[in-house]
Amino acid sequence: MNGPSTLDTYGSQTSFSSAGTGADATLVLTTAMSVAAAVIFLLVMGAVWLAWRRDRPGSVWWIWGGGVILPVIALGTLVVASTFTLAAIGRVDDGAPVIEVTGHQYWWDIVHDPEGRALRDANEIVLPLNIPVTLSLKTEDVIHSFWVPSIAGKMDMVPGRINRMTVTATEAGRFRGQCAEFCGLSHPLMAFEVVVLPQAEYDAYLEDLRSEARDADTAQLARGRDVFLNEGCIACHAIRGVAEGARLGPDLSRIGARATLGAGMWRMNVGNLAGWIADVQDMKPGAQMPSYNHLSGPDLRAVAHYLASLK
Ligand code: CUA
């Protein structure tokens, strides 16, 4: 099997270029703090140099100026600036459409229009370009933290609570997110992708979520679908029009359309899918899914091809 894909196949994961409103606010604060820290560092180095030359002005000025007044101004400004930034990140627009994101060990359940048609997907959050969307963040087990550095601020997903923030993605493209709170053995393997699409393509995506999954239209794909139905996969996974209702694992109705497998970790292809099904506990230690290493070679290939065809 392939290892984790190289960086260029992922969306970017950086706080230093912003493609969303929450990331904008964070970037301004980060830049201001970095510049201020650099200036203060240079001032301190200057003071060290003066002390080295034993050429210092009165020590009372140094104690009041450098020890009291300067820190009060610097830290006071920082408190005010970060309070405003936090408010910008956590802003909620009640009129915006809602996307519900639920953290699980170690994947993400995504529901568009949760109060209405409840259109379900997993591990890939599709957002409309330049339209405010409220993310409703929950968890079904332990504390996770939702973080897409290029789009939005970081927000925890806490058991028994719903945390919300409204974000506007301002650039089309693919951006990487990552769980930012230690949540168990495979916490570092709990990533996801955000795909920002222009309105027409976003509408087509939602239409896709309303439709049944693609037909198994060859003998091998039909065999793969039967393996999925008969080997117990349907206890945890749903595929629209094939087996619906199960919520313990990611919805697989369009798994083949996702760029990555295993919540942002591996490239989506038949080989990695087969490796995942046969040996998931090696690829993601502690995942709730057991390794299906009892499947015959032809059954494993068939089910991997079937899942890859769902797009
Ligand atoms: Cu979920 Cu760390």
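The values are calculated or read from the model by the stated rules, or taken from the named source; none is laboratory data. No experiment lies behind these values; they were computed from the predicted model shown. Neighbour counts run over all protein chains shown; Cβ positions are idealised from the backbone, glycine included.
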>> Conditions first: (1) within 16 Å of the ligand (Cβ to nearest atom); (2) over 22 Å from ARG91 (Cβ atoms). LEU221 passes all but one, so which condition is the exception?
In response: (1)
>> If I filter the range 172-181 for residues that are modelled with pLDDT of 90 or more, within 16 Å of the ligand (Cβ to nearest atom), in the same structural domain as SER136 (by TED's automatic domain parsing) and among the small types (Gly, Ala, Ser), do I get at least one hit?
In response: yes
>> Looking at the range 194-218 only, could you name the residues that are closer than 26 Å to LEU300 by Cβ and either in contact with an Asp or Glu (Cβ under 9 Å, 6 or more places away or on another chain) or within 16 Å of the ligand (Cβ to nearest atom) (or both)?
In response: ALA216
>> Could you go through the range 78-99 and let me know if any residue there is within 29 Å of MET289 (Cα to Cα), assigned to a strand (DSSP E or B) and within 16 Å of the ligand (Cβ to nearest atom).
In response: no
> From the list LEU129, LEU119, which residue is in contact (Cβ under 8 Å) with a residue 40 or more places away in the chain, more than 21 Å from LEU248 (Cβ to Cβ) and away from the ligand (no atom under 16 Å from the Cβ)?
Replying inline: LEU129
>> Taking the criterion of being in contact with a helix residue (DSSP H, G or I) (Cβ under 8 Å, 6 or more places away or on another chain) and of a type in the set (Gly, Ala, Ser), would at least one residue in the range 89-100 satisfy it?
In response: no
>> Going through GLY256, GLY264, GLY275, GLY241 one at a time, which residue ends up being touching a residue at least 24 places away in the same chain (Cβ under 8 Å) and more than 24 Å from the chain's Cα centre (by Cα)?
In response: GLY241
>> I'm trying to understand the selection: among the residues of the range 101-115, which are at pLDDT 90 or above and either out of contact with any Lys or Arg (no Cβ under 7 Å at 6 or more places or on another chain) or within 16 Å of the ligand (Cβ to nearest atom) (or both)?
In response: VAL101, THR102, GLY103, HIS104, GLN105, TYR106, TRP107, TRP108, ASP109, ILE110, HIS112
> Does the range 183-195 hold any residues that are surrounded by fewer than 17 Cβ atoms within 10 Å (Cβ to Cβ) and touching a strand residue (DSSP E or B) at 6+ places or on another chain (Cβ under 9 Å), and which are they?
Replying inline: PRO188
>> Of the residues ARG223, ARG214, only one is touching a Ser or Thr at 6+ places or on another chain (Cβ under 7 Å) and buried (at least 17 other Cβ atoms within 10 Å of the Cβ); which?
In response: ARG214
>> Anything in the range 235-281 that is of a type in the set (Ser, Thr, Tyr) and part of a loop (DSSP other than H, G, I, E, B)? List them, or say none.
In response: SER253
>> Considering only residues that are surrounded by 18 or more Cβ atoms within 10 Å (Cβ to Cβ) and not charged (D, E, K, R), which ones fall in the range 296-306?
In response: LEU300, ALA302, VAL303, ALA304, HIS305, TYR306
> Residues in the range 143-150: is at least one touching a residue at least 12 places away in the same chain (Cβ under 8 Å) and surrounded by fewer than 20 Cβ atoms within 10 Å (Cβ to Cβ)?
Replying inline: yes
> Residue check, THR134 against (1) more than 16 Å from the ligand (Cβ to nearest atom); (2) in contact (Cβ under 8 Å) with a residue 40 or more places away in the chain; (3) closer than 28 Å to MET268 by Cα, all met but one. Which one?
Replying inline: (3)
